[in-house]
Structures are given as C-alpha cells and as structure tokens.
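Values quoted throughout were computed directly from the atomic coordinates according to the rules given, and no laboratory measurement underlies them. Not measured: the values here are computed from a predicted model. Ideal geometry is used to build each Cβ from the backbone, glycine not excepted, and the neighbour counts take in all protein chains shown.
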C-alpha cells in the first residue's frame, strides 16, 4: 500500500493502477492457498515419474480402502447432517415460535455459537468421558438401569459413536443459520393464510415450509460439508482405526499409507470436489431463500 | 344455526384481533408448548451432559492427604497437576502467540484490501470474496497437505526449520481466518461512509497509510474485535494443521497427546479449552449485540 501515490488535493499523474492495492492480499493467498492446492491438483494428474495420467482418479474407485473411507465419510456426514438439520430446526422453531420464555432464545443462540465452534480434540475427549468405557453416562446406565452399554454392542469408538459426537457441533450450526430464516417468516403471511381459512397445518404445508425449504435444504448440505471436512475429532476418538476420508489423508501426510503419493493427491481432490459441490449448492439455495426472507 | 354462524364469526374475529395485537407465541396451544419444552430439554441435555461428564471425570483423580496419608476423592488433583505442568503453560503461550500474530497479519491484509475494494476497485470484489470463501471448500487437512508438500523441498524448504514451520502455521491460520475476518470487516465498512471519510481525510492532507491506520481502523473497532475473537477461538484449539506442521508444541496437539497418556488431566484441560472457547464467543456475543444472523461459525475440525 505504501508504494501507492499519496492522495493529494491536486490531480497528480497516476503512476500505478488501482488494482495494485490488492496485490499483497492475492500474493498471500497464492503462497498459502493456491500454490499448495495447485501442487495437489497437478500431482493428482501425474504418475510417480511425472507424466500426465488419469489413472489416479480411476484408481480411486478401484481401491477398496479408499472406497471404504469415502463411504464411511459420506455416511457419517449425511446422517449427522439430516438428523442435525432436523433437530436443529425443531430446536430453533421451539425457541422462536414454540411459546418458550424469550431469554431461552438468547441462551440457545450463545450456546450454539460456542458448541458449533467446540469441535476437535476436546470434544472427542468430552464424549469419551461421557459414553466411553468408564464414562459418566455409561456408569449411570449400569448403576440405575443395570444396562451394560458395552454388551449392547455400542461403543463410542465406532461410526455410530462418531455420529453422536458430530451431532454436538452439527445441530447448533443449524440453529445459528436457520434462526434468522424463521425470524423472517412474517406474521402477515400467517394471518393472510388464516383469514382465508387455512389451518395451522395448511399454513405450514403451503406457506411456511415452501419459504423455508431452500434454507433448510441448503443448511443441511452445509452441515454435510461441515462434517465431511472434520479430521481432528475423528482422529482423536478412533486413533485412525475407522477409515474416513480426512483421517486417511492425515495418515497419507504422515507416511504414505496408500503407497502412492499421487493417489493421495487424487483422494484429496476428491474431497475438495465433494466439499465444493456442497458449498455451491448451499450458496445457491441460500440466495434463493433470501428472496423471500429479506425484511 | 344462524346464531352458531355468527358466534363462530365472532370467535374468528376475536382470534384475528388477538393475532394482530399479541405476539404469536401467546396463542400456541399448551400441547405444542410442551413439545417445544421437550425439544429444548433434549437439546439442553445434549449440550450439558458431556460437559458435566468431563467435569465429573476431572474430579476423579485421587489426592493423597499429606497428614493422614488417605486418598481423597473427588479432588482437584487433575487441575493441580495440569497447572504444575510446564508443557501446559508453554503450549498455551505458544498458541496464544500464534493466534495474536495470525490476527495481526490477517488484519493487515484484510482491512486495506476490503477498504480498497470498496473504494477503488469494486470490480475485483467477486474475486476477493471467492478467495475468502475458499477455506470453506478446502478442509484444513487438505490445506496442510498441500502446504507441507510444496514447502518441504526446494526452492523453499520451510518445514525443515523450526521458524519456517511457525511461519507456515501462521500462514495457514491466516487463510483459515479469511472468511470471518473479511465478513466482519466488510460489514463494518458497509456501516460507515467510507468515501466521505476518505475524502475528508484526504482534503486535510492525509496519505493512504495514515487514512487506513488513523481513520479506517478506529472506525472498525467492533468488527475487528469480533473477527479477532473468532480467530483466537479457532487457533487456540486447532489440532489438524498444528500437529502436522509443528508437532506437539501448540495447545491442541498438547491436549491430544495428554489424552493418550493421562487419565484425568485431559478432562481438566478439555474443560479449560471449552472455557476459552466460551470466553471468546461470549466476547463476540457482547460485540455483536443487535446484529442478528451474523455467522459466528468456524466450521468443524
């Protein structure tokens, strides 16, 4: 910025075009974002000798280990996105329109802000202390109901366990994003519907839900991406014993577990593609919902 | 029949007047209010039981009474051990330092850029927004993968030197901070008359550095602070990028390692970590009062 001409009161001759001012930002983005990603992109299209190939992408579908990782990842992300989206919506609805005292709303929003950011190592540990072998709830179940959690076949160190942990940051994110949309439902719409004789169900079925649907769908897809990219929580909880895509990438960084660096790059690009699609759909749907909810 | 109809009409009118004058929640049927409470309580339990379990677990560490030599349980031994551990303090100090440097670099990049885009080059706005949203598409594990591969060999073998790794860590965190820093700063700029302020400063003879430093920055205080607290909340607990670039030095990897080696101390440190997140988000909520719907989310890790 300092190399720019000083703005004077007299019309000074321009030596540099205005876009020069954003160069530092783009240089930084190139150094720490685009070059690293470009390296992975290029590597994913190369053989180990450096020749061009599409084989790495073809191998993604052949390699059963990678397939399992992707399938596990997509499963966990989809389940926690749908359940988290549903529960988050119900929770936001309950607090905003469900007749609960108003202060609960502010409390919920603050909790959601904290919980949606409370992910990673401490979250995984917190659930070990809750549902692990000597966790508090595990012991409660045994002491009070005589129910042996381990013998029921459930363990927190499994895909189902991981899904329970992910829910902790999934539904608060839904609450945070959907609450403004629920707020945006105008009372006149409901009154107009009631004046025309609509029941509460009909109002929801034909007015409110169609307006909220792009938001709900979009945010659910965002939740999918949110879970799909998470690595630390899963790694801390399972130590890498359950292959999910980000954990396999992590292992690949440490020591080439796929025994083919270029296959690793292709796998990383596969993740980026899935994330990119989900964020794009989210953006499009969010824009659609803003049409109605702008107030 | 006719009286029944008028009665119903009267009731309908009554309902309509009530609807117009009272907030909607007053009219809810008790059944759906009960349902709302049920959902809220489930959410409340989901939120607090793991925290309570962590707290309870952190008290399970036994302590030996110095006089009677008996084991005392529950005790605060896990916290005492944690506070006595130099690695706890050094990891916290390291992460705070990295967080503060990240915030400084991020602000120095984002504030002038967002300002300049608004004032002089609005056509570059989509490009800048695209870059700031990239961290939502690139998961941290992929970002660090690329960074390690490109900076582990010539011409820039930064991962081989300790300071080089620290620089890469800050660089990656600055990229992670782009979405909310840019959003916060851009919202702040939208709330003030950038052009008039700039012209006023210019007509009094201020140069660009001075305009940005003494006019724009002070006016963005609330926006900058909220971006800064969110960045801090993310950097302090971050694990993935930290562990691959600098090992166990930062707080996140320290806690992870502790979780593998110790029984009760991890519970204490997890709660402390939660407290830090809570404090940062609490500051954010204070700053963001009255601005509903601002995204305060860093994304999962």
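Computed over the protein assembly as shown, the quotient of the alpha carbon radius of gyration and 2.2 N^0.38 Å is 1.07. The mean sequence separation of alpha-carbon pairs under 8 Å and at least six residues apart, normalised by the residue count of chain B, gives a relative contact order of 23 percent. Placing R0 at 41 angstrom, the Cβ-Cβ distance between residue B:161 and residue A:82 gives a FRET efficiency of 0.35 after rounding to 0.05. The range B:81-123 and the range A:58-131 have their alpha-carbon centroids 27 Å apart. The simple spin-label model puts a point 7 Å past each Cα toward its Cβ; for residue A:23 and residue B:84 those points are separated by 5.8 nm. Counting Cβ atoms of other protein chains within 10 Å of each residue's Cβ and taking the mean over peptide A:272-285 gives 2.
Here the gap between residue B:217 and residue B:286, fully extended at 0.36 nm per residue and compared with their Cα-Cα distance, gives a gain of 22.9 nm. The relative contact order of chain A comes to 28 percent, based on Cα pairs under 8 Å that sit 6 or more residues apart.
What does the C-alpha gyration tensor say about the overall shape of the range A:64-293? Classify as rounded when a/c is under 1.5, otherwise prolate if a/b is larger than b/c, or oblate. It is oblate, given that a/c is not under 1.5 and a/b is not larger than b/c. Only helices enter the 222 nm calculation for chain A: every DSSP H run of n ≥ 4 contributes -39,500 (n - 2.57), and dividing by all residues gives -22500 deg cm²/dmol, rounded to 500. Summed over qualifying helices (DSSP H, 4 residues or more, each -39500 (n - 2.57)) and divided by its residue number, chain B shows a 222 nm mean residue ellipticity of -24000 deg cm²/dmol. Peptides A:72-84, B:43-55, ordered by how many other C-beta atoms sit within 10 Å of their residues on average, highest first, read A:72-84, B:43-55. The length gained on full extension between residue A:291 and residue A:257, counted as 0.36 nm times the residue separation minus their Cα-Cα distance, comes to 7.5 nm. Does the range B:52-149 come out rounded, prolate or oblate by the C-alpha gyration tensor, with a ≥ b ≥ c the root eigenvalues, rounded set by a/c under 1.5 and, if not, prolate when a/b is larger than b/c and oblate if not? Prolate, because a/c is 1.5 or more and a/b exceeds b/c. Quickly work out the residue A:30-to-residue A:277 label distance, labels modelled 7 Å from Cα along the C-beta direction, and quote it in nm with one decimal. Those two pseudo-labels are separated by 3.2 nm.
Label positions at residue B:38 and residue A:158, each projected 7 Å from the Cα along the C-beta direction, are separated by 2.7 nm. How high is the FRET efficiency between residue B:123 and residue A:105 when r is their beta carbon distance and R₀ equals 35 Å, given to the nearest 0.05? That pair, residue B:123 with residue A:105, gives E of 0.30. The alpha carbon gyration tensor of chain B gives principal lengths a ≥ b ≥ c with a/c of 1.5 or higher and a/b no greater than b/c, which makes the shape oblate.
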